[in-house]
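Trainee: I'd like to ask some things about the structure below.
The values are calculated or read from the model by the stated rules, or taken from the named source; none is laboratory data. In this text, all values refer to a predicted model and were calculated from it rather than measured experimentally. Glycine also receives a Cβ, built like all others from the backbone with ideal geometry; neighbour counts cover every protein chain displayed.
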Amino acid sequence: MLNSSAWQTYRRLLGYVRPHRQMFLLGVFGAVLFAASMVSFAKFAQAFGDGTFEQRDPGTIVGLPLALIGLFALRGLGDFIQTYCMGHVGRHVVKRLRTQIFERMMQLPIGYYDRNSSSLLLSRLTYNTEQVGQAATDSVVVTVRESLTIVGSIALLFYLNARLALIAMTMGPLVAWLVTIINRRFRRYSRRIQDSMGDITRVAKETLDAPRIVKVYNAQGYQNAQFEAVNEHNRRSYMRLVLTKGLSNPVVQLVMAFGSAVVLSIAIADVVHRRSTMGQLLAFLVALVNISQPLRSLVGVAGPLQQGIAAGQSIFDLLDEPAEPKGGALVAQRVRGEIEFDHVSFSYPVGKGVTLHDLSLRVGAGQVLAIVGRTGSGKSTVVNLLPRFYDISGGSLRVDGHDVREYELTNLREQVALVSQEVVLFNDTIRSNIAFGRDTSPEQIEEAARAAHVMEFAQALPAGLDTVVGDRGVLLSGGQRQRISIARALLKNAPILILDEATSALDTESERIIQAALEELMHNRTTLVIAHRLSTVEKADRIVVMEAGRIVESGTHAELLAHNGQYASLHRMQFAA
Ligand SMILES: Nc1ncnc2c1ncn2[C@@H]1O[C@H](COP(=O)(O)OP(=O)(O)OP(=O)(O)O)[C@@H](O)[C@H]1O
Ligand SMILES: [Mg+2]
């Protein structure tokens, strides 16, 4: 019924059930009750047939209806126990998987995010986990219950009439073979459906993230076409599943019908020739129905079960993705902030060619280094190597004389505050966005907010610093968002500060004011500043000019002007205007 990798997945999923084995076993007990009551219906039919038709026993007038109520009560009790207990187990499994996926998502290296769409991750987190939950609960319940009913009914068949039972059993291998084929198809289509759910989420998310762009470019038609494509792909994959689902039961039932017909004719012949009683025939018939009905449910549950296994497989693929390395054992209280790029070369994991070529650069502790250069020349790439978003491919990168890989990763990152090119805010208050999980006093937050000129606009807001900024900060202006991200970096108070176009969204006046605040801050820390506006970098201890992944000029503002190279010409252009 399962191939070896599916079986492994299933075993691994069962591992999630283990902590809840008591509830699980109780649920199985409920299924046993249910199955027992089902098998008892066959005995009930026998008592009915013999007592009423053969013996004409008046006791059956009250006894049998009472027994009927009893059987239904038993079945109801079993039904409740299994539903509740398995539901309990299933929801725990879903929650556990979600927790693990979420934790793993945060540990994945940046390179993973470059390669995979975030929507695929999201749909694993939401959709795939639900399918596993389904498989772990409903499907397990049905499988246990119906298998037990079948086994019990078969046992009863043998007890009633071994010869007939043997004939009925010849159908077994054929049915098992059919079910195997059906399962394989279910699993294949389920995987496709799950991936296409990821595509649907992706297209929808991209559109939802940029409603203004979609509107002003009148791109609704274009987006619609994209959505139609993934939506249609999803429908097609689903229809394959539906087709398999629709065909599977009738086929299995038809095979069963042939077998049952043969058995029935022999059974009727036995009664006709008075070799067995009416009760035995009825019991035999009920037992047969008790096999074919559960078999129908079993085949029906194969779909969700296989979907769950396929979903589990892709979840485990994600969980097995290697996390970021933890780094070395070195833990620094606070580094001095001496940074050295020593013949560093670097290529992005996805991307063609080398991005940084043989780059050497030394920044003394507490100094300010400015990096300028054309767009795409590799400025952001250089600073992204410092907190180890990516690892260098050649040469070495040292902080305080130690290779960055010697530091414990969290410790290394603790030393770096970053105001990145794209500002990221969370749908929370301004205050929480500045603190961002750090354990700080309200005064410290306010101080950072004041230094980054967040207070200026926050005071005008109805709830001040406690104003919620909206999804990704949409309720604020670009410059306001940038100030919040500067405040966040100020609050972190790390010895190394990276400003990647940190003031690009500010007007000249605010920029000058914040620049002053930043200069204050740069005093006793090493700062790497990237800026297109040269006025913000003039005072740097050193300025390097990058071009296509190489440093082409290096020196102070005055030296570079005197050198009359690329920097000087950039400078002339900006100030000519
Ligand atoms: N995550 C990535 N994966 C692959 N290639 C990338 C990635 N990020 C940047 N690149 C490539 O690396 C090169 C340098 O990019 P980088 O972002 O460092 O430029 P930059 O100098 O900061 O430019 P800008 O001034 O526009 O911010 C570019 O050619 C870019 O296409
Ligand atoms: Mg950049």
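Okay, residues lined up against (1) within 16 Å of ligand 1 (Cβ to nearest atom); (2) not acidic (D, E):
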residue	(1), (2)
G378	yes, yes
T381	yes, yes
S393	yes, yes
S396	no, yes
D400	no, no
R405	no, yes
N411	no, yes
Q415	no, yes
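Trainee: To continue, here is another question. Mind counting the residues in the stretch 485-529 that are more than 23 Å from L386 (Cα to Cα), within 16 Å of ligand 1 (Cβ to nearest atom) and polar (S, T, N, Q)?
Mentor: The qualifying residues number 0.
Trainee: Go over the candidates V286, V344 one by one and state the one that is outside the structural domain of R188 (by TED's automatic domain parsing) and touching a residue at least 40 places away in the same chain (Cβ under 8 Å).
Mentor: The conditions single out V344.
Trainee: In addition: With respect to the numbered conditions (1) within 24 Å of G337 (Cα to Cα); (2) touching a residue at least 24 places away in the same chain (Cβ under 8 Å), which one is the sole condition not fulfilled by I484?
Mentor: Result: I484 fails condition (1) only.
Trainee: If the Cβ limit is 7 Å and pairs must be 6+ apart or interchain, which residue in the stretch 107-135 that is over 24 Å from G90 (Cβ atoms) pairs with which residue that is within 12 Å of ligand 1 (Cβ to nearest atom)?
Mentor: Going by the 7 Å Cβ cut-off, the qualifying pairs are I110/F389; I110/Y390; G111/P349; G111/Y390; D114/P349; D114/V350; R115/V350.
Trainee: Quick one: would you say R115 is of a type in the set (D, E, K, R), more than 30 Å from G279 (Cα to Cα) and surrounded by fewer than 16 Cβ atoms within 10 Å (Cβ to Cβ)?
Mentor: Yes: the conditions hold for R115.
Residue-wise test of (1) modelled with pLDDT of 90 or more; (2) within 19 Å of V383 (Cα to Cα).
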residue	(1), (2)
L476	no, no
Q480	no, no
A487	yes, no
L518	no, yes
H523	no, no
T526	yes, yes
I530	yes, yes
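Trainee: Using the structure shown, decide if L208 is within 30 Å of Q131 (Cα to Cα) and in the same structural domain as Q307 (by TED's automatic domain parsing).
Mentor: yes
Trainee: Follow-up question, since we're still on this one. All but one of (1) over 27 Å from L288 (Cα atoms); (2) modelled with pLDDT of 90 or more hold for D79; which doesn't?
Mentor: (1)
Trainee: Of the conditions (1) in contact (Cβ under 8 Å) with a residue 24 or more places away in the chain; (2) under 18 Å from R512 (Cα atoms); (3) surrounded by fewer than 19 Cβ atoms within 10 Å (Cβ to Cβ), D471 fails just one. Which one is it?
Mentor: With respect to (1) in contact (Cβ under 8 Å) with a residue 24 or more places away in the chain; (2) under 18 Å from R512 (Cα atoms); (3) surrounded by fewer than 19 Cβ atoms within 10 Å (Cβ to Cβ), D471 is out only on (2).
Conditions (1) within 16 Å of ligand 2 (Cβ to nearest atom); (2) over 24 Å from G565 (Cα atoms); (3) surrounded by fewer than 21 Cβ atoms within 10 Å (Cβ to Cβ), marked per residue:
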position: L497; (1), (2), (3): no, yes, no
position: E501; (1), (2), (3): yes, no, yes
position: A505; (1), (2), (3): yes, yes, yes
position: E509; (1), (2), (3): no, yes, yes
position: L518; (1), (2), (3): no, yes, no
position: N524; (1), (2), (3): no, yes, yes
position: R533; (1), (2), (3): yes, no, yes
position: V544; (1), (2), (3): yes, no, no
position: G549; (1), (2), (3): yes, no, no
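Trainee: Of the conditions (1) touching a Lys or Arg at 6+ places or on another chain (Cβ under 7 Å); (2) more than 25 Å from R525 (Cβ to Cβ); (3) crowded, with 21+ Cβ neighbours inside 10 Å, H357 satisfies every one except a single condition; which number is it?
Mentor: Status for H357: all satisfied but (3).
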